[in-house]
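Shown next, in structure tokens, is the structure this report addresses.
The values are calculated or read from the model by the stated rules, or taken from the named source; none is laboratory data. Treat the numbers as computed from the prediction; the structure is a model and nothing was measured. Methodologically, a virtual Cβ is constructed for each residue, glycine included, from the backbone with ideal geometry; neighbour enumeration extends over all protein chains shown.
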């Protein structure tokens with residue numbers, strides 16, 4: 001090793017700590033903006049006499065005030081959800097797309113109940129003002145409202161119904177039964193739901209209709225959200241897809257039920273794709289064009305081609321094996337922050353299970369070819385249920401054979417409560433000791449982790465038990 | 001979020017909410033959206049003006065006289081949900097009746113609210129013998145318009 005490469009080695013990974021600091025700052029800024037958004041929303045309500053309206057007066061009028069404030073806060077949260085799913089580069093760089101979507105899901109568990117409470121509270125309150133009992137009004141009052149007593153009620157009720165459908169089809173139980181493509185189309189109607197809810201806010205909203213300040217506030221929120229969605233979810237992917245004119249170059253079987261798709265395009269060196277990232281891929285061929293799927297790059301981008309490797313999970317990925325060379329490809333992305341930018345140490349441990357090997361394989365390639373690591377600095381642990389499912393295993397073995405990295409293949413059926421295969425799992429001194437034996441100087445490694453969520457939780461637990469700081473553990477969640 | 005930022009943000013948010021709650025609790029201070037369309041124009045005391053009835057010119061405040069009973073029509077006050085205008089009937093120095101000339105009517109719901117609030121506002125005016133009346137909950141704008149129009153009418157009465 002020359003002096004130059006030694007210096008490069010140092011330089012390549014000190015950036016990770018600075019990056020972590022910036023990320024902490026950015027996440028503070030983003031979370032503070034959300035807090036500010038909610039605060040301003042409630043402040044505008046309170047300035048308009050919302051406080052006394054909530055606490056003083058008849059039950060019906062207090063219920064009406066409650067209906068107003070739940071509607072306002074619920075809508076604000078709904079917009080935050082849209083922004084989290086809008087692929088904003090800032091959000092992706094700060095949280096990663098996977099965590100942004102986790103937050104998106106969590107917020108929906110608050111936003112939807114609030115919006116349901118909004119509708120129910122107002123319906124019962126209006127019913128009470130008409131002299132209907134709550135037991136009756138939730139059923140009867142909507143008929144009056146939909147009958148034209150208030151404008152724009154039809155769209156408002158349709159909006160709520162759509163949101164309920166979107167939420168129900170996204171529940172874990174339903175996700176397992178609904179095809180990804182169906183779910184995706186249903187999920188996109190959430191945009192329609194938000195748009196459908198706008199007219200009744202402008203025409204009836206006690207807090208919006210006729211209040212210049214509140215109107216301005218809400219209109220700017222809508223315009224900003226719509227702008228972000230159109231720019232980052234539609235225009236940017238379209239521009240990138242057109243600029244790079246991607247087509248399928250080859251489809252290569254890797255293992256039973258696993259194929260690699262090689263994609264080539266123009267000026268791919270200008271696509272800011274990194275090893276460890278994923279893209280949403282949409283293949284323009286019959287039966288495939290309807291939905292885009294998130295698949296990781298399984299090779300470090302070389303500026304000329306991209307490669308993704310897909311395991312046979314559903315109808316869609318099965319059809320991939322019949323893709324013809326020359327098929328056009330649209331992309332969204334690249335997304336994700338599972339990249340070597342996050343390195344804080346020179347040594348790197350890459351841990352993968354199953355098809356989670358795809359980004360790990362790309363990271364290994366990038367690290368080895370970067371010249372920033374020595375021969376003993378990179379270790380790969382690759383867990384698979386049997387030898388047949390060791391996808392891309394031969395490529396890793398080639399890298400290991402040149403001495404560029406240490407490779408441990410952990411093959412065998414799943415062991416309950418352990419991330420290790422039979423034989424290594426459940427040794428008397430525990431999985432943590434086994435991990436330490438497999439990876440000398442474990443604590444001085446950055447760890448990149450990718451696999452099924454339950455398996456990753458086990459690995460993460462043992463890494464923490466072995467003393468690896470949380471800031472050195474980076475993971476990518478495959479929710480698909 | 002780092003705990004220092006979270007603490008600071010929470011404190012700021014709590015302060016903003018508290019202040020806005022207090023400000024909002026007193027809508028007459030500066031309630032957005034309520035404004036007097038016609039200022040009550042003080043008139044010479046005993047002009048022989050035509051009766052305000054008939055809607056020929058409801059906007060200027062007017063005063064009509066019938067024996068010891070006087071009627072004073074208040075200013076037309078605009079709110080986001082429609083205009084509010086009341087007429088006050090006095091006998092001597094007593095307010096004997098308050099009649100709604102116009103109430104918020106932007107949509108059926110605000111008509112419902114008006115119908116609900118008007119009797120209560122009238123009752124309050126009669127019992128307090130002034131425009132010093134409490135807001136009927138759920139009818140903040142109607143109440144505020146009512147109060148302003150009533151005050152304008154009483155200003156004429158006392159002029």
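Within region A:36-45, can you find the residues that are within 7 Å of chain B (Cβ to nearest Cβ) and either modelled with pLDDT under 90 or surrounded by fewer than 17 Cβ atoms within 10 Å (Cβ to Cβ) (or both)?
As a first pass, look at region A:36-45 and keep what is within 7 Å of chain B (Cβ to nearest Cβ): A:39, A:42-43.
Passing the criteria: none in range.
Mind counting the residues in region A:340-362 that are closer than 18 Å to residue A:19 by Cα and in contact with a strand residue (DSSP E or B) (Cβ under 9 Å, 6 or more places away or on another chain)? Please lay out each step first, then the result.
Going through region A:340-362, the residues closer than 18 Å to residue A:19 by Cα turn out to be A:340-348.
This time we only want the ones that are in contact with a strand residue (DSSP E or B) (Cβ under 9 Å, 6 or more places away or on another chain), so: A:340, A:342-348.
Residues flagged as closer than 18 Å to residue A:19 by Cα and in contact with a strand residue (DSSP E or B) (Cβ under 9 Å, 6 or more places away or on another chain) within region A:340-362 amount to 8.
Okay, residues lined up against (1) surrounded by 18 or more Cβ atoms within 10 Å (Cβ to Cβ); (2) touching a residue at least 24 places away in the same chain (Cβ under 8 Å):
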{"site": "A:159", "(1), (2)": "yes, yes"}
{"site": "A:162", "(1), (2)": "yes, yes"}
{"site": "A:167", "(1), (2)": "yes, yes"}
{"site": "A:173", "(1), (2)": "no, no"}
{"site": "A:187", "(1), (2)": "no, no"}
{"site": "A:208", "(1), (2)": "yes, no"}
{"site": "A:211", "(1), (2)": "yes, yes"}
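Assess whether residue A:11 counts as being within 14 Å of chain B (Cβ to nearest Cβ), modelled with pLDDT under 95 and either assigned to a helix (DSSP H, G or I) or within 23 Å of residue A:110 (Cα to Cα) (or both).
no
Of the residues A:241, A:260, A:220, which single one is within 30 Å of residue A:72 (Cα to Cα) and either surrounded by fewer than 19 Cβ atoms within 10 Å (Cβ to Cβ) or under 26 Å from the mean Cα position of the chain (by Cα) (or both)?
So the residue among A:241, A:260, A:220 that is within 30 Å of residue A:72 (Cα to Cα) and either surrounded by fewer than 19 Cβ atoms within 10 Å (Cβ to Cβ) or under 26 Å from the mean Cα position of the chain (by Cα) (or both) is A:220.
Please enumerate the residues belonging to region A:234-258 that are touching a strand residue (DSSP E or B) at 6+ places or on another chain (Cβ under 7 Å) and at pLDDT below 90.
Within region A:234-258, A:253, A:254, A:257, A:258 meet the criteria.
Out of A:274, A:215, report the one residue that is surrounded by 14 or more Cβ atoms within 10 Å (Cβ to Cβ) and assigned to a helix (DSSP H, G or I). Before the answer, list the steps.
Numbers: A:274 fails: assigned to a helix (DSSP H, G or I).
Going through A:274, A:215 in turn, the sole match is A:215.
Of the conditions (1) modelled with pLDDT under 95; (2) in a helix (DSSP H, G or I); (3) facing chain B (nearest Cβ under 7 Å); (4) over 23 Å from residue A:469 (Cβ atoms), residue A:31 fails just one. Which one is it?
Condition not satisfied by residue A:31: (4).
Taking the condition buried (at least 24 other Cβ atoms within 10 Å of the Cβ) and at pLDDT below 90, does residue B:95 pass? Show your work before the answer.
Numbers: buried (at least 24 other Cβ atoms within 10 Å of the Cβ): no; at pLDDT below 90: yes.
Here the answer is no, as residue B:95 does not meet what is asked.
So in region B:1-31, with the set limited to residues that are surrounded by 17 or more Cβ atoms within 10 Å (Cβ to Cβ) and at pLDDT below 85, which one is farthest from the other protein chains (Cβ to nearest Cβ)?
B:31
Residues being surrounded by fewer than 18 Cβ atoms within 10 Å (Cβ to Cβ), in a helix (DSSP H, G or I) and either in contact (Cβ under 8 Å) with a residue 40 or more places away in the chain or away from chain B (no Cβ under 11 Å) (or both): count how many of those fall in region A:132-154.
Going through region A:132-154 one residue at a time, the tally reaches 10.
Which residue, of A:297, A:279, A:288, A:308, is over 25 Å from residue A:337 (Cα atoms) and buried (at least 21 other Cβ atoms within 10 Å of the Cβ)?
A:288
Just to be sure I understand, how many residues within region A:196-227 are touching a helix residue (DSSP H, G or I) at 6+ places or on another chain (Cβ under 8 Å), more than 14 Å from chain B (Cβ to nearest Cβ) and over 25 Å from residue B:108 (Cβ atoms)?
The qualifying residues number 3.
At least 3 residues that are on the phi < 0 side of the Ramachandran plot and surrounded by fewer than 20 Cβ atoms within 10 Å (Cβ to Cβ) in each: list the strands (runs of 3 or more DSSP E) lying fully within region A:382-480 that qualify.
In region A:382-480, the matching strands (runs of 3 or more DSSP E) lie at A:406-411.
Of the residues that make up region B:56-74, is at least one crowded, with 17+ Cβ neighbours inside 10 Å, under 30 Å from residue A:214 (Cα atoms) and at pLDDT 75 or above?
yes
Check residue A:164 against each of (1) more than 14 Å from chain B (Cβ to nearest Cβ); (2) at pLDDT below 90 and name the one condition it does not meet.
(2)
Six or more apart or on different chains, Cβ atoms under 6 Å: show the pairs whose first residue is in region A:361-375 and over 25 Å from residue A:309 (Cα atoms) and whose second is outside any helix (DSSP H, G or I).
A:375/A:403
If you go through region B:102-159, how many residues are buried (at least 18 other Cβ atoms within 10 Å of the Cβ), part of a helix (DSSP H, G or I), touching a strand residue (DSSP E or B) at 6+ places or on another chain (Cβ under 9 Å) and away from every other protein chain (no Cβ under 14 Å)?
10
May I ask you to verify whether residue A:229 is within 21 Å of the chain's Cα centre (by Cα) and modelled with pLDDT under 90? Before the answer, list the steps.
Numbers: within 21 Å of the chain's Cα centre (by Cα): yes; modelled with pLDDT under 90: no.
Here the answer is no, as residue A:229 does not meet what is asked.
Please give the number of the condition residue A:401 fails out of (1) without any contact (Cβ under 8 Å) to a residue 24 or more places away in the chain; (2) in contact with a helix residue (DSSP H, G or I) (Cβ under 7 Å, 6 or more places away or on another chain).
Condition not satisfied by residue A:401: (2).
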